[in-house]
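What follows is calculated from the coordinates using simple rules that are stated; it is not laboratory data. All values reported here derive from a predicted model rather than from experimental measurement. Reconstructed Cβ throughout: ideal geometry from the backbone, glycine too, with neighbour counts over all protein chains shown.
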Amino acid sequence: MTANVTILIQEADFDIAREIAALTKGRTDIGAVVSFSGICRGSEGSGTIAALTLEHYPEMAEAEIARHAESAMSRWPLTGLTVIHRVGRIVPGENIVLVLTASMHRQAAFHAAEFLMDYLKADAPFWKREESADGTSWVDARHHDDAAAARWTKS
Amino acid sequence: MKVKYFAWVRERVGKAEETVEPPASVRTVDDLIAWLAKRGDAYAHAFETPRVIRAAIDHAHVKSDTMIAGAREIAFFPPMTGG
């Protein structure tokens, strides 16, 4: 069977159970699904976060995520994957991002999910602006996200 | 060529996109950043620290020494914070 790849960038929330069901529907060759969801925290260090607003570069985000989905499919024996990244205003407790990877065995699904998330954190064209009591500010990139993404390019 | 700006680069420049026609002496992404920075105070502020600015040509990440000849769309933005 062909791999089932879904990539969505949307303002709306997603339903994790429904997405897993869609990824596995009608298939008997899937032995493992790994699910990662990124959720908006209500604090950063000692500060309180009222909301995040996510800006993105639509054409590039779609092209880049598709390219990395293909890369994941070629690196690991996946039967399918789903990436959903939300944009717009998101309040603490709400979902931001979902990565699902499906495979016959768990190891490929774990590795591919981590690869896709490391890439999304470091190189996908999305930017978070944080709202707090002090006003709004752009979130600084974290060096450890770059390091996490870079380890996948080592042989 | 079309130039797009995102996040705080967009806010500092004061616009999301524009069409520019740099002279032939502007050959690389670095050259374009230096040329844009001279277009006024808003641009100077946006591009005051060129090493933190990331660039993409036609929707793909590029290094700052990449040649811009043939580019249809060049985007400038801060380090990404998605996921």
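Out of the residues in the stretch A:4-27 that are in a loop (DSSP other than H, G, I, E, B) and of a type in the set (D, E, K, R), which is nearest to A:SER74 (Cα to Cα)? For the stretch A:4-27, the residue satisfying everything is A:ARG27.
Determine, yes or no, whether A:GLU70 is touching a residue at least 60 places away in the same chain (Cβ under 8 Å) and surrounded by fewer than 23 Cβ atoms within 10 Å (Cβ to Cβ). Walk me through how you get there before you give the answer.
Numbers: touching a residue at least 60 places away in the same chain (Cβ under 8 Å): no; surrounded by fewer than 23 Cβ atoms within 10 Å (Cβ to Cβ): yes.
So A:GLU70 fails the test.
Pairing residues of the stretch A:133-155 that are more than 14 Å from B:THR81 (Cα to Cα) with residues that are surrounded by 10 or more Cβ atoms within 10 Å (Cβ to Cβ) and acidic (Asp, Glu), at Cβ distances under 8 Å and at least 6 apart in sequence or on separate chains, gives A:THR136/A:GLU130; A:ARG151/A:ASP118; A:TRP152/A:ASP118.
Quick grid of which residues meet (1) of a type in the set (Asp, Glu); (2) within 18 Å of A:GLU19 (Cβ to Cβ); (3) surrounded by fewer than 21 Cβ atoms within 10 Å (Cβ to Cβ); (4) touching a Phe, Trp or Tyr at 6+ places or on another chain (Cβ under 7 Å):
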position: A:ARG41; (1), (2), (3), (4): no, no, yes, no
position: A:VAL83; (1), (2), (3), (4): no, yes, no, no
position: A:LEU116; (1), (2), (3), (4): no, yes, no, no
position: A:PHE126; (1), (2), (3), (4): no, no, no, no
position: A:GLU131; (1), (2), (3), (4): yes, no, yes, no
position: A:ALA147; (1), (2), (3), (4): no, no, yes, no
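Where in the stretch A:28-134 are there strands (runs of 3 or more DSSP E), lying wholly inside it, with at least 2 residues that are more than 14 Å from every other protein chain (Cβ to nearest Cβ)?
On the way: elements: A:32-39, A:51-56, A:78-86, A:88-90, A:95-103, A:126-132.
Ranges flagged: A:32-39, A:78-86, A:95-103, A:126-132.
If the condition is being without any contact (Cβ under 8 Å) to a residue 60 or more places away in the chain and in contact with a helix residue (DSSP H, G or I) (Cβ under 7 Å, 6 or more places away or on another chain), then the stretch A:117-132 contributes A:ASP118, A:TYR119, A:LYS121, A:ALA122, A:ASP123.
One line per residue, one yes/no per condition, for (1) assigned to a helix (DSSP H, G or I); (2) within 14 Å of chain A (Cβ to nearest Cβ); (3) not β-branched (Val, Ile, Thr):
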| residue | (1), (2), (3) |
| --- | --- |
| B:VAL3 | no, yes, no |
| B:GLU11 | yes, yes, yes |
| B:PRO23 | no, no, yes |
| B:ASP30 | yes, no, yes |
| B:ALA42 | yes, no, yes |
| B:HIS61 | no, yes, yes |
| B:GLY70 | no, no, yes |
| B:PHE76 | no, yes, yes |
| B:GLY83 | no, yes, yes |
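Scanning the stretch A:135-155 for residues that are touching a strand residue (DSSP E or B) at 6+ places or on another chain (Cβ under 7 Å) and more than 7 Å from chain B (Cβ to nearest Cβ) turns up A:THR136, A:SER137.
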